[in-house]
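Here's the structure we're looking at; comments come further down.
The values are calculated or read from the model by the stated rules, or taken from the named source; none is laboratory data. Source: prediction; values computed, not measured. Positions of Cβ are generated from backbone atoms using ideal geometry, with glycine treated the same way; all protein chains shown enter the neighbour counts. The protein model used for the area step is the full one, side chains on, heavy atoms only, and it has no ligands, DNA or RNA in it. Shrake-Rupley method; radii C 1.70, N 1.55, O 1.52, S 1.80 Å.
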Amino acid sequence: QVQLVESGGGLVQAGGSLRLSCAASGRTFSTYAMGWFRQAPGKDREFVAAIARNGINTYYADSNRFTISRDNAKNTVDLQMNSLKPEDTAVYYCAAGRQDYGLVTSTSYAYDYWGRGTQVTVSS
């Protein structure tokens, strides 16, 4: 089992940047693909970014502004968010899923473990 704890959320003005981090417990972090999702009030949860176990293959909903990275030695996955917009306001969730080594997916049901989320608020 993996426990995930997100951090780094907060209030930022439009155009600003935030870096979210997700810390995973356990010694099997490298066996999981990792993803970031978000959910705004009144909306469905949506995919943001994912990174494969190999740390190389990535997939984004918006690659122009967001960058995902992982450190298997530290059991962390980060999401760098630049040029933030008010519509990026949401609770951001980290997720872990057992997937093939180089595989990334945006499908939420492919992820087995979820953190509790961190709030990101972007003011206009």
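The single condition from (1) outside any strand (DSSP E or B); (2) modelled with pLDDT of 95 or more; (3) within 15 Å of Gly117 (Cα to Cα) that Phe37 fails is (1).
Looking for something open to solvent by less than 40 Å² (accessible area, probe 1.4 Å), closer than 17 Å to Thr31 by Cβ and assigned to a strand (DSSP E or B) - is there at least one such residue anywhere in the range 96-110?
Of all residues in the range 96-110, those open to solvent by less than 40 Å² (accessible area, probe 1.4 Å) come to 96-97, 99, 102, 104-105, 110.
Then drop every residue that is not closer than 17 Å to Thr31 by Cβ, which leaves 96-97, 99, 102, 104-105, 110.
If we keep only those that are assigned to a strand (DSSP E or B) as well, we get 96-97.
Yes, some residue in the range 96-110 is open to solvent by less than 40 Å² (accessible area, probe 1.4 Å), closer than 17 Å to Thr31 by Cβ and assigned to a strand (DSSP E or B).
Results for (1) in contact with a Gly (Cβ under 7 Å, 6 or more places away or on another chain); (2) more than 16 Å from Gln119 (Cα to Cα), shown as yes or no for each residue.
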position: Ala52; (1), (2): yes, yes
position: Tyr59; (1), (2): no, yes
position: Asp62; (1), (2): no, yes
position: Arg70; (1), (2): yes, yes
position: Lys74; (1), (2): no, yes
position: Met81; (1), (2): no, no
position: Asp88; (1), (2): no, no
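Residues that are touching a residue at least 24 places away in the same chain (Cβ under 8 Å), in a strand (DSSP E or B) and hydroxyl-bearing (Ser, Thr, Tyr) within the range 65-88 comprise just one, Thr76.
Based on what the data block shows, is Ser21 farther than 16 Å from Arg98 by Cα and hydroxyl-bearing (Ser, Thr, Tyr)?
Yes: the conditions hold for Ser21.
Taken together, the residues in the range 15-50 that are small (Gly, Ala, Ser) and surrounded by fewer than 22 Cβ atoms within 10 Å (Cβ to Cβ) amount to 10.
Every residue, every condition in (1) modelled with pLDDT of 95 or more; (2) under 17 Å from Gln1 (Cα atoms); (3) in contact with a Cys (Cβ under 7 Å, 6 or more places away or on another chain), yes or no:
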{"position": "Leu20", "(1), (2), (3)": "yes, no, no"}
{"position": "Arg27", "(1), (2), (3)": "no, yes, no"}
{"position": "Ser63", "(1), (2), (3)": "no, no, no"}
{"position": "Phe66", "(1), (2), (3)": "yes, no, no"}
{"position": "Gly102", "(1), (2), (3)": "no, no, no"}
{"position": "Thr105", "(1), (2), (3)": "no, no, no"}
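Hey, does the range 51-64 have a residue that's in contact with a helix residue (DSSP H, G or I) (Cβ under 8 Å, 6 or more places away or on another chain), in a loop (DSSP other than H, G, I, E, B) and either hydrophobic (A, V, I, L, M, F, W, C) or surrounded by fewer than 19 Cβ atoms within 10 Å (Cβ to Cβ) (or both)? Looking through the range 51-64, none of the residues is in contact with a helix residue (DSSP H, G or I) (Cβ under 8 Å, 6 or more places away or on another chain), in a loop (DSSP other than H, G, I, E, B) and either hydrophobic (A, V, I, L, M, F, W, C) or surrounded by fewer than 19 Cβ atoms within 10 Å (Cβ to Cβ) (or both).
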